[in-house]
Amino acid sequence: MKFTALVLAAVSNLFLANIVAAGTVLEEKQLIDGYTVSFRIAPAKAGAEMGGSHDVLVKIDKNGKAVTDAQVNSKAVHPDGNEESRMMMAMGDGYMAGYDLGHAGRHQMMILFKTADGARHRGGVWYNGR
């Protein structure tokens, strides 16, 4: 159990380091139904892509504590109107998914998360691709 927790913490820290090192990063916080939701979107580090050219990380907090038992689904609407959805996987105290966002234009990133009480919450951000 301790080994699994250490591996997850190391992967989470590596992921966050990759975001900072990758260059342009979108970071935005939103208040959604009493939850503070932090979005981070950045190009994935070469060789460390996790499903696409960009890493999308979401962290959900309630009263200053990370919510780690939510079910989080994400959706990207690309500039050409094409859409794709992915379940986000737990990563440390957040959730992540990879998407191809490298083409020019505005991409709409949305999330729908279900908390332990069964309530559903929605939010999203816009990301400018190059």
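FYI, it's all coordinate maths here, none of it is from the lab. Everything numeric in this text was worked out from a predicted model, so none of it was measured. FYI the Cβ positions are ideal-geometry reconstructions off the backbone, even for glycines, and counts take in every protein chain you see.
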* Among (1) surrounded by 19 or more Cβ atoms within 10 Å (Cβ to Cβ); (2) among the aliphatic types (A, V, I, L, M); (3) free of Cβ contacts under 8 Å to residues at least 24 places away in the same chain, which single condition is ALA46 missing? -> (1)
* **Any hit, the range 51-58, residues being hydroxyl-bearing (Ser, Thr, Tyr) and more than 19 Å from VAL37 (Cα to Cα)** => yes
* Tally of residues being of a type in the set (A, V, I, L, M, F, W, C) and part of a strand (DSSP E or B) across the range 62-72 -> 2
* Structure fact -> Going through the range 82-130 in order, the residues found to be in a loop (DSSP other than H, G, I, E, B) and either β-branched (Val, Ile, Thr) or more than 18 Å from GLY52 (Cα to Cα) (or both) are GLY92, ASP93, THR115, ALA116, ASP117, GLY118, ALA119
* **Residue satisfying condition, being surrounded by 14 or more Cβ atoms within 10 Å (Cβ to Cβ) and in a strand (DSSP E or B), within set LYS59, LYS29** => LYS59
* Quick one: in the range 62-84, which of the residues that are without any contact (Cβ under 8 Å) to a residue 12 or more places away in the chain and under 16 Å from GLY34 (Cβ atoms) is surrounded by the fewest Cβ atoms within 10 Å (Cβ to Cβ)? -> GLY64
* To do: Would you mind stating whether SER53 is within 24 Å of ALA119 (Cβ to Cβ) and either free of Cβ contacts under 8 Å to residues at least 24 places away in the same chain or more than 13 Å from the chain's Cα centre (by Cα) (or both)?
  => no
* Asked: With respect to HIS103, is the statement that it is crowded, with 17+ Cβ neighbours inside 10 Å and under 24 Å from THR24 (Cα atoms) true?
  -> no
* Is there any pair linking a residue in the range 85-101 that is in contact (Cβ under 8 Å) with a residue 24 or more places away in the chain to one that is surrounded by fewer than 23 Cβ atoms within 10 Å (Cβ to Cβ) and of a type in the set (Lys, Arg), with Cβ under 6 Å and at least six apart or on different chains, and which? -> GLY94/LYS59; ALA97/ARG86
